[in-house]
Amino acid sequence: LARRLAQLGDPAGIDQLVLRLEQGTRDDQLALLEEMTAGLQGKRQLPMPERWSAAYDALLQTDDARLDSLATGVALTFGDQRAFARLERVLSDSQAKTEVRQQALAALVKQRDPGLPPILQQLLNEVELRRPALRALAVYSDPRTADLVLEIYSSLNADERRDALAMLVSRSEYARALLQAVAENGVARNDLPDQFARQIEIGRAH
C-alpha cells in the first residue's frame, strides 16, 4: 500500500505516509521508506508534504545509516534543500567511500541539482570519479566545463577520452570549444569517432 501511494503521488496519500513515518518504530520507518523509495522511482519531484520537514529532522537524529540514506533519497524527491546539501557534502568528501559518493552523484544528477557543476568540475581531478563526473557534466550547461575538460584531455586514458568527447559533443557551446581545440591540435582529429563528428555537424546545422 505504501508503495502504491507513493507511485500515485497524490498529496493526501503522501501526507498519510509521512504521518506514519513520524509515528512508527524504527523497523516501521525502514519498511515505509523502502516502499516509498520503490514507489517514487522515476519521479523527479513532488510537492513537499506539510509534515515532511519535522519528520526528516527526526529521521536524521538516528544513527542508522540505511534509514538516513533512504530518508535523504525521499527528501530529494520533495525538493528538500537539506538533502541536496547533505549529498553534495558526501560527494565532495574525498575520504568517503567511492561507492557512497557514486550513489550521491547519481541521486543529485537525477534531480538536476543546480549546484552540482562546480563539484563535478572538481571531481575531474579524481581518477575514481572522473568518468561519472564527465558523463554527468553533459547534463549541465556551464561556461567553465569545456575549458576544464580540454585542459586535462591529454592526460586522460582511452575510456576517459571517449567520455570527455561524448560530453563535449552533447552541447553546441561545448562542441564549438572542441572544434577550436582540434583546429589548434589540442585534440587529434582522429580521436573523434565518426558518430561524434556527425553529431557536431547536425548541431551546427541547427
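Please tell me if Arg162 is over 24 Å from Val90 (Cα atoms) and either among the charged types (D, E, K, R) or in a loop (DSSP other than H, G, I, E, B) (or both). Lay out the reasoning, then the answer.
Numbers: over 24 Å from Val90 (Cα atoms): yes; either among the charged types (D, E, K, R) or in a loop (DSSP other than H, G, I, E, B) (or both): yes.
So Arg162 passes the test.
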Checklist entry - Could you count how many residues in region 9-29 are over 17 Å from Arg66 (Cβ atoms) and either in contact (Cβ under 8 Å) with a residue 12 or more places away in the chain or touching a Lys or Arg at 6+ places or on another chain (Cβ under 7 Å) (or both)? => result 9
Checklist entry - Would a scan of region 91-100 turn up a residue that is charged (D, E, K, R) and surrounded by 15 or more Cβ atoms within 10 Å (Cβ to Cβ)? => result no
Next on the checklist: When the residues of region 35-49 are narrowed to those that are modelled with pLDDT of 90 or more and more than 17 Å from Ala83 (Cβ to Cβ), which ends up surrounded by the fewest Cβ atoms within 10 Å (Cβ to Cβ)?
Outcome noted: Ala38
Checklist entry - Taking Arg112 and the conditions (1) buried (at least 18 other Cβ atoms within 10 Å of the Cβ); (2) farther than 21 Å from Arg161 by Cα; (3) of a type in the set (Lys, Arg), which numbered condition does it fall short on, given that it satisfies the others? => result (1)
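Any residue in region 62-77 that is over 21 Å from Asp27 (Cβ atoms), touching a residue at least 12 places away in the same chain (Cβ under 8 Å) and among the acidic types (Asp, Glu)?
We begin by selecting, within region 62-77, every residue over 21 Å from Asp27 (Cβ atoms); these are 76-77.
This time we only want the ones that are touching a residue at least 12 places away in the same chain (Cβ under 8 Å), so: 76-77.
Keeping just the survivors that are among the acidic types (Asp, Glu) gives none.
No, because not a single residue in region 62-77 is over 21 Å from Asp27 (Cβ atoms), touching a residue at least 12 places away in the same chain (Cβ under 8 Å) and among the acidic types (Asp, Glu).
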Checklist entry - Based on what the data block shows, is Pro114 closer than 28 Å to Ala85 by Cβ, assigned to a loop (DSSP other than H, G, I, E, B) and at pLDDT 90 or above? => result yes
Checklist entry - Pairs under 6 Å by beta carbon, first residue farther than 24 Å from Gln41 by Cβ and in contact (Cβ under 8 Å) with a residue 12 or more places away in the chain in region 104-123, partner of a type outside the set (Phe, Trp, Tyr) and open to solvent by less than 30 Å² (accessible area, probe 1.4 Å), six or more apart or different chains? => result Ile119/Leu91; Leu123/Leu129; Leu123/Ala133
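Could you tell me which residue of region 50-80 is surrounded by the most Cβ atoms within 10 Å (Cβ to Cβ), considering only residues that are among the β-branched types (Val, Ile, Thr) and under 24 Å from Leu8 (Cβ atoms)?
First, the residues of region 50-80 that are among the β-branched types (Val, Ile, Thr): 62, 72, 74, 77.
Remaining after also requiring under 24 Å from Leu8 (Cβ atoms): 72, 74, 77.
Values: Thr72: 22, Val74: 27, Thr77: 23.
For region 50-80, the residue satisfying everything is Val74.
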Checklist outcome for this item: Of (1) at pLDDT below 95; (2) under 21 Å from Ala58 (Cα atoms); (3) small (Gly, Ala, Ser), Ala107 satisfies every one except (2)
Checklist entry - Across region 117-161, what is the total count of residues that are crowded, with 20+ Cβ neighbours inside 10 Å and among the small types (Gly, Ala, Ser)? => result 3
Checklist entry - Given (1) modelled with pLDDT of 85 or more; (2) under 28 Å from the mean Cα position of the chain (by Cα); (3) polar (S, T, N, Q), where does Asn185 come up short, assuming only one miss? => result (2)
Checklist entry - If you take the residues of region 163-174 that are open to solvent by 10 Å² or more (accessible area, probe 1.4 Å) and of a type in the set (Gly, Ala, Ser), which of them is farthest from Asp142 (Cα to Cα)? => result Ala166
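The values are calculated or read from the model by the stated rules, or taken from the named source; none is laboratory data. Remember, predicted model here, so these are calculated numbers, not experimental data. Note: ideal-geometry Cβ built from the backbone for every residue, glycine included; neighbour counts use all protein chains shown. When the accessible area is computed, the model is the full protein with side chains, heavy atoms only, and any ligands, DNA or RNA have been set aside. Shrake-Rupley method; radii C 1.70, N 1.55, O 1.52, S 1.80 Å.
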